[in-house]
1. Taking Ala256 as meeting all but one of (1) crowded, with 23+ Cβ neighbours inside 10 Å; (2) more than 14 Å from Met293 (Cα to Cα), write down the number of the exception.
2. Name every residue in the stretch 122-161 that is more than 21 Å from Leu203 (Cβ to Cβ) and either surrounded by 15 or more Cβ atoms within 10 Å (Cβ to Cβ) or over 20 Å from the mean Cα position of the chain (by Cα) (or both), in order of residue number.
3. I'm trying to understand the selection: among the residues of the stretch 58-74, which are open to solvent by less than 60 Å² (accessible area, probe 1.4 Å) and either touching a Gly at 6+ places or on another chain (Cβ under 9 Å) or closer than 22 Å to Gly15 by Cβ (or both)?
4. When the stretch 71-82 is examined, which residues are found to be assigned to a loop (DSSP other than H, G, I, E, B), out of contact with any helix residue (DSSP H, G or I) (no Cβ under 7 Å at 6 or more places or on another chain) and without any contact (Cβ under 8 Å) to a residue 40 or more places away in the chain?
5. When the stretch 231-246 is examined, which residues are found to be on the phi < 0 side of the Ramachandran plot and either in a loop (DSSP other than H, G, I, E, B) or open to solvent by less than 40 Å² (accessible area, probe 1.4 Å) (or both)?
6. Output the qualifying pairs, or none if there are none: Cβ atoms under 6 angstrom, residues six or more apart or on different chains, first residue in the stretch 83-104 and in contact (Cβ under 8 Å) with a residue 12 or more places away in the chain and under 19 Å from Ile13 (Cα atoms), second residue assigned to a helix (DSSP H, G or I) and open to solvent by 10 Å² or more (accessible area, probe 1.4 Å).
7. Of the residues in the stretch 259-293, how many are open to solvent by 40 Å² or more (accessible area, probe 1.4 Å), under 22 Å from Asn207 (Cα atoms) and among the aliphatic types (A, V, I, L, M)?
Amino acid sequence: MTTDFPSTVILDIGGKKFSTTIDTLTQREPESMLAAMFSGRHTLCLDPEKGSVFVDRDGKHFRHILNWLRDGVVPTLTDSEYSELLREAEYYQLLGLVERINEALDRRKDEEQKAELTRTDIVKCIQSNRVRFRGVNLSGLDLSKLDLSLVDFSYGCLKYSLFSRANLHSAKFREVEAESSDFHDAILRECEFTGANLRGAILAGANLQSANLQDACLIKCSFSGADLRSAHLQTADLTDANLEGANLEGANLKGAKLSGANLQGANLQRAYLRHVDLRDTSLEGAKLGGANMLGAIR
């Protein structure tokens, strides 16, 4: 039994030999188990024949442990390998390495939330007539000015995506997550947005004639100057939405939530507004001729 080690030591980790120094094992993580083992506070068993200290752990990732202690470097690994390395780091009480591994895993999760395809990928798909992106994550992509008519984006993730001035005639956006997306001046005639989450989206100046936005979340959306003639907005949530100057002639707003909505100067002629609560809605200068407002609350 001995605690009198030379400056260079050999570690036998589950049968794999590693040569390192006392300084490497003790300086970067002074509160770790490895630092404690070679601090002189503990009695360790040194094999007199092999000249090594045996630790009963899997040595597969111990080189990464040593590289961390030497240089503070975290390797790029697969998720399963990171999990294995994390288990070893926790065993040796290397709290700094544990933190860095968790940060690497968090970054990987964030990257997985990013778009699965690029703008170039989308263009190639359009050119080859493969235009179905159901359930695909296209968050943050700039798809402005593209001809995306008839494309099916249903159930996908389109957060912060740019579709400004794009041709999306008859495209499908059923139940998409499109929070804060930008559709300004886009052609969205006869598009389907049933159940879509468009909270905070920009649709100013967009052509949404006969578009289906039933049950859609349109909270704080900007429809300023948009063309929503004959649009289907039944039970849509338009709370705090800006519809100033929008053309809603013949639109169906049955059951829609309009609390805090701005409809100043909007064209609501022949719109269906039966039983709609308009008490907190700004209607200054709105055109209401021929609108069906039976039972509407004002």
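1. Failed condition: (2).
2. From the stretch 122-161, those more than 21 Å from Leu203 (Cβ to Cβ) are 123-132, 134-137; that's our starting set.
Within the stretch 122-161, Val123, Lys124, Cys125, Ile126, Gln127, Ser128, Asn129, Arg130, Val131, Arg132, Val136, Asn137 meet the criteria.
3. Filtering the stretch 58-74 down to residues open to solvent by less than 60 Å² (accessible area, probe 1.4 Å) leaves 59, 61-62, 64-69, 72, 74.
Within the stretch 58-74, Gly59, His61, Phe62, His64, Ile65, Leu66, Asn67, Trp68, Leu69, Gly72 meet the criteria.
4. Kept after step one, since they are assigned to a loop (DSSP other than H, G, I, E, B), are these residues of the stretch 71-82: 72-78.
Of the ones still in play, those that are also out of contact with any helix residue (DSSP H, G or I) (no Cβ under 7 Å at 6 or more places or on another chain) are 72, 76, 78.
Residues satisfying the conditions are Thr76, Thr78.
5. First, pick out the residues of the stretch 231-246 that are on the phi < 0 side of the Ramachandran plot: 231-234, 236-239, 241-244, 246.
Within the stretch 231-246, Ala231, Leu233, Gln234, Ala236, Asp237, Leu238, Thr239, Ala241, Leu243, Glu244, Ala246 meet the criteria.
6. Hits for this filter: Leu85/His64; Ala89/Val98; Tyr92/Met33; Gln93/Met33; Leu97/Trp68.
7. Number of matching residues: 1.
The values are calculated or read from the model by the stated rules, or taken from the named source; none is laboratory data. Here the structure is a predicted model, which means the values were calculated and not measured. Every residue, glycine as well, gets a Cβ built from its backbone with ideal geometry; the counts of neighbours run over all protein chains shown. Just so you know, the surface numbers come from the protein's heavy atoms only, side chains and all, with ligands and any DNA or RNA stripped out. Shrake-Rupley method; radii C 1.70, N 1.55, O 1.52, S 1.80 Å.
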